[in-house]
Each structure stands twice: as C-alpha cells, then as structure tokens.
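Peer 1: Attaching a single structure in structure tokens format; questions to follow.
All of the numbers you see were taken from the coordinates with simple rules; none came from a lab. Please read all numbers here as calculations on a predicted model, not as lab measurements. Here the Cβ positions follow ideal geometry from the backbone for every residue, glycine too, while neighbour counts run over all protein chains shown.
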Amino acid sequence: MEGNDMESTEPTALPSVFLQPGRDRRLTGGHPWVYSNEVRMDAEAKALPAGTMVTLRRVDGKPVATGFFNPHTLIAFRSLGDGTTKESLDDIITKRLTAALALRERLFDAPCYRLVHAEADGLPGLIVDRYGDVLCCQANTAGMDSASETLCAAFERLLSPRIIVFRNDSPARQHEGLAQEVHIAKGELAGLIELQENGLTFFADLREGQKTGWFYDQRENRAFAASLAGGGRVLDLYSYSGGFGITAAANGASEVVLADRSEPALSLARQAAEANGVADRCRFEQGDVFAIIDRLRDKGERFDLVIADPPAFAKSKKDVGPARRGYRKLARLAAGLVKPGGFLLQASCSHNVEVPVFAEEVAHGITSAGRTGRVLRSGGAGCDHPVHPHLPESAYLKSVTLQLD
C-alpha cells in the first residue's frame, strides 16, 4: 500500500488505510469511529482481513489514528490511539486494562463490577464483567475477537483469574461477520457463580444466562428503589434473577412479588432470596408479565412500589414505534397496581429509544391510567458503565422513578 516511504518515526509495521479527502475532522475531534464511506475502499483495503490493526492516514499520508479495521462493516475503523503510537497491541491492551481496573477499584469495595465497557475504556467492542476471580467477556468486534489470546495474557498478568469465559453469542457479532459461540478460555465452569452487590449475595449463570450473566448496570437504581421499599409491598416485573426484588426485601419490604417469564431466572432469584435470608417474604410468579399484571389487577392486589425493568423493546430503529407503544402500555398497567402515594420505577435498556421519548411515553402511560404524580429521579447505568464523551448514544440505560397520587 501507499505510505511505505513514511518517516522512520512512524509505525511502518502496520498496514495503511487512507481516508477520503477531508474526512479526518470528526476523528481528530475525538470521535472513535470512522464509517466505511469515509475510507478509501481500494482493492488493498478491501483485501485486509476483518479486525486487522492498521494505521489510518489522510490522503497526504499523514497518520491520523491506529486501530482495528473491518472492510465489511458500516463502522469500518475503531480507534485505539493516535497514528504515531509505537505501542504494540499487547501494550495498548495492558495499559487500558490497568487503567480500567484502577478506576473500578477506586469505585467499589467488592471485586464485582463491569471491568471494561468498550470504547469508554479505550477497548472498542470489548465487554468484561468481573465476578471476583471469574471474568466473563464479550468480544463484539473483529479486532477484539482476533485479540482474544492477547487479552487472556493481559488478564493473567493483572488478575490471575480462576476462570475466563467468552460469551461471544451477542447479535452484535453478526454485524462484524463473527460466529456466535460460548467458550471457556481458562478453568472449568461448573454451576453458578456467586457475586456481591449492594452488600447482598446473588448468583449468575455465565454459560446459559442472559448476556454476561448479571446486569451490573442497574446497581445504583436497585439501591435507590430499595430505599423506598421499607415496610411496603413490592412488585418486581421482569425480575430476571432478583436484583431489584431481593434488594428491596433485604431493605425491609414486607412482601415482594417477583415476576418473570424465565423459570431458570426465577430459580436464581429463589437461591438469592435464600442466601440473603428473605425467602419468607418473597413470592415468585412465572409467566408472561402482561398476563401476570392482569391477574394481579383482577385480584385487587396493590403495591407500595412497582418496578418494571423489561428487556429491550427496540432492538433496531425500525422497532422504535412499537417500543414506544410498549413502554406506554407497560407504564399504564404498572401504574394501575401502585397504591396512592406509592412509587413506580420504570426502565428501558433500548438504546434506540432516546431519554426524552422514553420519559414522554411513561408520562402518557400514567396519565392514561388516570394517575398523576411527580418524577423523583431519573437514572442511567452505574459508574462502571462509563460513556465515551463522543458516543452519547451508548448511554443506553434509562430509568424514571415517580410517586403516584
């Protein structure tokens, strides 16, 4: 490729890929991505294997950034640093992991958190959740997928984990041309993994559970909801493995009903209830959540706190319309189960549904239920899920807590 006569101070070992004229401004302004229509997709660029580490250059040959390149995807380049770096991929990964670990150790006492949150931690497409001496990873880009051995070596140096699991079965991998698979890179995974959150014990199934096994992103929202639960009846809709409901019970709720379609998830919640000594105050309802809501309403059951934390209603932009109607319907039905003066916490993990849209649909939902109220708190993901300042759309999680009249 062009660029072989660049000065010796520049990284010559990496292949070069060239930007289209004038398409370097967003990247030099701090954005970590370059789209395929911004790259000169000549024959040599197209021939590079997906995930190749390259030097991205302007048309005049000046290096702009170093990063992973995939000629087959909309996001063709993901930056790892400026174009003059001489660091190896091993050095880059080790440095970024060290920084991510230092931040989490400052934020949390227990070693249970999201250790790496992709671009925000300088490791594009990589997710790592830590469960003490167990790591559960997702490599959602071709570059990170090809770097799995380098990642494992860095994990070994920094943490010496007992088990490393790669949950490489996310839909995002399909866009990168990657297979969906689950494999154990180190150790043996037999049974459940125990974790600590907000001083309580929970369990995660890293092989069969959703995503990386546990949703650390709701940690702070769970703590806030639990602060409203003392002495009251609580309904945890889409409870998964019990994060909201068990935390509420441990903070003094008189009764907690946990509802979810998944029996395996409810089994994890039951174990958490036993482990935290609150099983006598927990009731478990398995089935379609909307049907469970109807059944509770018909029985005249009402609650001091209702939590509605559904899975993503909008997995793509074409789903936004139905998702909006879904969030409105859920707010209407959930509000009907809240006692006067009680609380509703509703969440959305659909990054395609923006915060104002979600808030609008929740507001319409409670109004259509004939309720009034006030917003007490709007929340997002916990601080172990940082957001890249140039990727505000990655702030996917949103929640609103209201008191209803």
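Peer 1: Using only the Cα atoms of the range 144-197, build the gyration tensor, take square roots of its eigenvalues as a ≥ b ≥ c, and label the shape rounded, prolate or oblate: rounded if a/c is under 1.5, else prolate if a/b is larger than b/c, else oblate.
Peer 2: Because a/c hits 1.5 or more and a/b fails to exceed b/c, the range 144-197 counts as oblate.
Peer 1: Related question: Using the Kirkwood formula on the Cα atoms of the range 16-82, what hydrodynamic radius do you get, in angstrom to one decimal?
Peer 2: It is 11.3 Å.
Peer 1: Now a separate question. Among Leu107, Leu80, which comes first, then next, by fewest other beta-carbon atoms within 10 Å?
Peer 2: Leu107, Leu80
Peer 1: Considering the options Leu97, Leu74, Asn198, tell which one lies farthest towards the positive end of the dipole of the chain, charges being +1 on Lys and Arg and -1 on Asp and Glu at the Cβ, about the Cα centre.
Peer 2: Comparing the listed Cα positions along the dipole, Asn198 ranks first.
Peer 1: Oh, and also: Relative contact order (percent) for the chain, with alpha-carbon contacts under 8 angstrom and 6 or more residues of separation?
Peer 2: 10 percent
Peer 1: How big, in percent, is the set of alpha carbon pairs in the range 1-157 lying more than 24 Å apart?
Peer 2: Of all Cα-Cα pairs in the range 1-157, 35 percent lie more than 24 Å apart.
Peer 1: On a 0 to 90 degree scale, rounded to 10, what angle separates helix 148-159 from the longest Cα axis of the chain?
Peer 2: It is inclined by approximately 70 degrees.
Peer 1: Would you mind ranking Leu97, Leu344 by Cβ crowding within 10 Å, fewest neighbours first?
Peer 2: In increasing order of surrounding Cβ atoms, one gets Leu97, Leu344.
Peer 1: Further question: What's the percent breakdown of Cα-Cα distances in the range 101-211 across 10 Å bins, shortest bin first?
Peer 2: Spelled out bin by bin, the range 101-211 gives 14, 48, 33, 5, 0 percent.
Peer 1: Moving on. Quick check: Cα centre of the range 139-186 to Cα centre of the range 256-281, how many Å?
Peer 2: Result: 30 Å between the Cα centres.
Peer 1: Another one. Which order do Phe166, Phe224, Phe77, Phe290 fall in if you start with the one that has the fewest other Cβ atoms within 10 Å?
Peer 2: Phe290, Phe224, Phe166, Phe77
Peer 1: With a cut-off of 8 Å between alpha carbons and a minimum separation of six or more residues, what is the relative contact order of the range 264-367 in percent?
Peer 2: Answer for the range 264-367 is 29 percent.
Peer 1: In bins 5 Å wide, starting from 0, what share of all Cα pairs of the range 309-375 does each bin hold, as a percent?
Peer 2: P(r) over the range 309-375, rounded to whole percents: 4, 20, 31, 23, 13, 7, 2, 0.
Peer 1: Test of understanding: express the Cα radius of gyration of the range 216-373 as a ratio to 2.2 N^0.38 Å, with N the residue count.
Peer 2: With N residues counted in the range 216-373, Rg over 2.2 N^0.38 Å equals 0.98.
Peer 1: With axes computed from alpha carbons, what is the tilt in degrees of helix 355-368 against the longest principal axis of the chain, rounded to the nearest 10 within 0 to 90?
Peer 2: With rounding to tens, the tilt is 20 degrees.
Peer 1: Treating each Cα of the chain as an identical point scatterer and ignoring solvent, apply the Debye formula and state log10 I(q)/I(0) at q = 0.09, 0.14, 0.15 Å⁻¹.
Peer 2: -0.60, -1.20, -1.31
Peer 1: I'd like the orientation of helix 289-298 relative to the chain: the angle between its Cα long axis and the longest Cα principal axis, in ° from 0 to 90, rounded to 10.
Peer 2: Long axis of 289-298 versus the principal axis of the chain: about 20 degrees.
Peer 1: Remind me, relative contact order of the range 198-404 in percent, using alpha carbon pairs under 8 angstrom and six or more residues apart?
Peer 2: It comes to 19 percent, rounded to a whole number.
Peer 1: If you don't mind, another one. Under a straight-distance cross-link criterion of Cα-Cα below 30 Å, which lysines are reachable from Lys329, leaving out those fewer than 8 residues away in the same chain?
Peer 2: Straight-line reach from Lys329, under 30 Å: Lys211, Lys299, Lys315, Lys317, Lys318, Lys339, Lys398.
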